[in-house]
Amino acid sequence: MSAPVSSVADAQQIRELIVRMLQRAGSGHAGGPLGMADLFAVLYRQVLQHNPHRPQWEHRDRVVLSNGHTCPVLYATLALHDYFPEEELWQLRRLHAELQGHPHQKEAWGIETSSGPLGQGVSQAVGMAVAAKFLHRKHHIYCFSSDGEHQEGQVWEAYLAGAKYAVDNMTILIDRNYTQISGVTEQVMPLDPLKDKISAFGWRVYEINGHDHEAIFHALQEAKADGEPSVIIAYTEPGHGVSFMEGKFSWHDYHASPAEARRALNEVQSLDNTLENLHHD
């Protein structure tokens, strides 16, 4: 079974929007958002229960972006799904703009929580999951987190609470790209064996290639159905889709020259054209 053309095309369009908005802003984060594009594409196109025309629909699934500095991927995805006009993306990080360098809660725009300091969102998501169970609500909570964020003690406290309250209505997706702003995670503060550590806290853990759309889809489906608090460790490549950014922690944040920005845009647009040709074939 091959990956659906729709979600693959979405991922490439998300990458193009990320590059464009960072280019116009002249700052922001590049590596993580480009690496997470496939996860967002599959979740929003194939799995998430949501309605852009009714963004506060009571039965919608909730998405929490704990690693808030990767917000360009969330903003691009929401614009792609018509939560707000694409033109808003070009105001990224500008003074008084709606879309800042970390998400600010705007349910009407599909942004469920505000984020800033790392480690907070996982706790927020656990609280939302506990509340949903208490109120007998059927929606699911998806929380995106980074691997570097797992160096924060509060994340592990959230795992303890989630296991205690059996939040089987919640899935955490970890962007496991082995990089953070100051270097390689295993040199800064080692996390492996990450799966074993999380399992020891009482969570079911899946490991997938975070760029394989079929694997992403099946892991999300299984995690939702397995009746346990669940974590998906998605192995991704930071900067995926832009050759000179791929795998380099130095591109955690955006500092492209005009020439590099043009090259990045040309590369993601070339992928879009390839997909368009495949779609028509």
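Every number in this text was worked out from the coordinates using simple rules, so none of it is lab data. Please read all numbers here as calculations on a predicted model, not as lab measurements. Counting neighbours? That spans all protein chains shown, and the Cβs are built from the backbone with ideal geometry, glycine included.
Points to keep in mind about this one:
- In degrees, nearest ten, helix 120-134 long axis to first principal axis of the chain (Cα): 50 degrees
- Selected from 225, 215, 163 as most flexible by GNM, with the chain as the system and alpha-carbon contacts under 10 Å: 225
- Excluding same-chain neighbours fewer than eight residues apart, the lysines reachable from residue 224 by a Cα-Cα span under 25 Å are 133, 138, 164, 195, 197.
- With Cα atoms, 0 to 90° folded angle of helix 258-280 axis to the chain main axis: 80 degrees
- Pairwise FRET efficiency - residue 243 versus residue 95, Cβ, R0 = 41 Å, nearest 0.05: 0.80
- Segments 64-70, 125-131, 192-198 sorted - mean Cβ within 10 Å per residue, highest first: 64-70, 125-131, 192-198
- Remark: spin-label model distance residue 114-residue 166 equals 3.5 nm, labels positioned 7 Å along the Cα→Cβ axis.
- Between residue 181 and residue 156, residue separation times 0.36 nm minus the direct Cα-Cα distance comes to 6.9 nm.
- Rough spin-label spacing in nm, given labels placed 7 Å along Cα→Cβ, for residue 195 and residue 270: 3.4 nm
- A crude spin-label estimate for the pair residue 257 and residue 105, with each label 7 Å from Cα along the Cβ direction, gives 4.4 nm.
- Rounded FRET efficiency, nearest 0.05, which uses the C-beta distance separating residue 87 from residue 59 and R0 of 22 Å: 0.15
- Label assignment, Cα Rg over 2.2 N^0.38 Å derived from the structure, set (1) 0.94; (2) 1.15; (3) 1.07: (1)
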